[in-house]
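Each remark here refers to the structure printed beneath this line.
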Amino acid sequence: MKKHTLEISGIQKRFGDKTILSDVYLKCETSEIIGLLGRNGSGKSTLLKIVAGLESVPDRCVRIDSVSLNIKNALMNNVSYLDQDQFIPNHLSVQKVIALSIDKENRINFCEDQFIKKLLNKKIRHLSTGELRYLEIKIVLSNSSLFALLDEPYNGLSPLMIETINEMIKGSLNKKGIIVTDHNYQNVVKIANRLVLIKDGKTHPIKEKTELVEKGYLTSMAF
Ligand SMILES: Nc1ncnc2c1ncn2[C@@H]1O[C@H](COP(=O)(O)OP(=O)(O)OP(=O)(O)O)[C@@H](O)[C@H]1O
């Protein structure tokens, strides 16, 4: 499979007089999982939203295969984004959402899943937090984008669903690169090929877990 590269650099992002991101470099290739860690408010979601085209920065800051993508639609086709908040409208039925999101030829396969099968006759508003999150993640991972950005995917998921989602993420790597952030850092550490910490607006590549303590993300009690 031809490898593709998503590269992010030179981002300066301020909200009012507060600088959120000032020295960011992130690279993700297809078949890679980058784990993005950082304290609350460090700018993880802001960075993912910038890459997804939902927060504005100069176009040259986000590149795929060295090409700056300045047409938002082109960017969206190559990058899919799982928001940390619900993105599927409550009034829809699960079947309608699947019909709208998944190509006809892939729908049967999509529904051949112990968790999805139980949801097929329900409305979105009647799903539990974990059921909804599972459906959303599966939809994001099933589309044809080259890169998927997952903001707090594990939120509300039981251990069994987390294991299934981790397998699903790994199974998508023949087509995709993944950037994942979650406060369930153990899962992020477990699944990621590389870790990056955001601190003081800057990205710090993490080689050893002890660096997470040195940089103030974890206490030594975590080991
Ligand atoms: N649209 C906005 N306007 C003003 N400030 C914002 C906006 N979006 C985010 N912020 C601020 O930017 C900072 C970074 O927010 P962000 O959501 O990116 O952090 P995060 O690392 O994802 O945090 P958490 O882990 O708690 O979700 C926070 O201080 C937040 O209050």
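The values are calculated or read from the model by the stated rules, or taken from the named source; none is laboratory data. Small disclaimer: the values here were computed from a predicted structure and weren't measured. Here the Cβ is made from the backbone with ideal geometry for all residues, glycine too, and neighbour counts use every protein chain on show. Surface areas here come from the heavy atoms of the whole protein model, side chains and all, with no ligands, DNA or RNA. Shrake-Rupley method; radii C 1.70, N 1.55, O 1.52, S 1.80 Å.
Picking from Val189, Val196, which residue would you name as being hydrophobic (A, V, I, L, M, F, W, C) and either closer than 28 Å to Gln95 by Cβ or open to solvent by 20 Å² or more (accessible area, probe 1.4 Å) (or both)?
The match here is Val189.
Taken over the range 158-199, residues that are among the acidic types (Asp, Glu) and without any contact (Cβ under 8 Å) to a residue 12 or more places away in the chain amount to 2.
Among the criteria (1) more than 16 Å from the ligand (Cβ to nearest atom); (2) modelled with pLDDT under 95; (3) under 19 Å from the mean Cα position of the chain (by Cα), the one Asp103 does not fulfil is (3).
On the given criteria, is Gly41 small (Gly, Ala, Ser), in a loop (DSSP other than H, G, I, E, B), at positive phi and at pLDDT below 90? Quick ask: steps written out before the conclusion?
Numbers: small (Gly, Ala, Ser): yes; in a loop (DSSP other than H, G, I, E, B): yes; at positive phi: yes; at pLDDT below 90: no.
It is false that Gly41 is small (Gly, Ala, Ser), in a loop (DSSP other than H, G, I, E, B), at positive phi and at pLDDT below 90.
Does the range 91-110 hold any residues that are part of a helix (DSSP H, G or I) and open to solvent by less than 30 Å² (accessible area, probe 1.4 Å), and which are they? Matches in the range 91-110: Val94, Val97, Ile98, Phe110.
Test Leu157 against the criterion of being of a type in the set (A, V, I, L, M) and in a loop (DSSP other than H, G, I, E, B), and give yes or no.
On the way: of a type in the set (A, V, I, L, M): yes; in a loop (DSSP other than H, G, I, E, B): yes.
It is true that Leu157 is of a type in the set (A, V, I, L, M) and in a loop (DSSP other than H, G, I, E, B).
Residues considered: Leu26, Leu48. Of these, the only one that is within 16 Å of the ligand (Cβ to nearest atom) and more than 26 Å from Gly156 (Cα to Cα) is Leu26.
Is it true that some residue in the range 29-38 is more than 19 Å from Gly177 (Cβ to Cβ), near the ligand (Cβ under 10 Å from one of its atoms) and among the small types (Gly, Ala, Ser)?
Yes, the range 29-38 contains at least one residue that is more than 19 Å from Gly177 (Cβ to Cβ), near the ligand (Cβ under 10 Å from one of its atoms) and among the small types (Gly, Ala, Ser).
Within the option set Lys117, Lys176, Lys122, Lys138, being of a type in the set (Lys, Arg), farther than 30 Å from Glu214 by Cβ and open to solvent by less than 20 Å² (accessible area, probe 1.4 Å) holds for one residue only, Lys176. The set of residues in the range 80-128 that are polar (S, T, N, Q) and over 27 Å from Ile50 (Cβ atoms) comprises Asn90, Ser93, Gln95, Asn106, Asn109, Gln114, Asn121, Ser128. Filtering the range 141-159 to residues that are more than 16 Å from the ligand (Cβ to nearest atom) and of a type outside the set (A, V, I, L, M, F, W, C) leaves Ser142, Asn143, Ser144, Ser145, Ser158, Pro159. Among residues that are open to solvent by 10 Å² or more (accessible area, probe 1.4 Å), in a helix (DSSP H, G or I), in contact with a Gly (Cβ under 7 Å, 6 or more places away or on another chain) and on the phi < 0 side of the Ramachandran plot, Met168 is not included.
Restricting the range 1-19 to residues that are surrounded by 19 or more Cβ atoms within 10 Å (Cβ to Cβ) and under 18 Å from His204 (Cβ atoms), which is farthest from the ligand (Cβ to nearest atom)?
My answer is Ile8.
Residues considered: Val79, Val97. Of these, the only one that is touching a Ser or Thr at 6+ places or on another chain (Cβ under 8 Å), closer than 30 Å to Cys28 by Cα and β-branched (Val, Ile, Thr) is Val79. When Arg60 is tested against (1) in a helix (DSSP H, G or I); (2) open to solvent by 20 Å² or more (accessible area, probe 1.4 Å); (3) in contact with a strand residue (DSSP E or B) (Cβ under 7 Å, 6 or more places away or on another chain); (4) closer than 24 Å to Val188 by Cβ, only condition (4) is not met.
For Glu208, the criteria (1) open to solvent by 40 Å² or more (accessible area, probe 1.4 Å); (2) within 26 Å of Leu160 (Cα to Cα); (3) outside any helix (DSSP H, G or I) hold in every case but one, which is (2).
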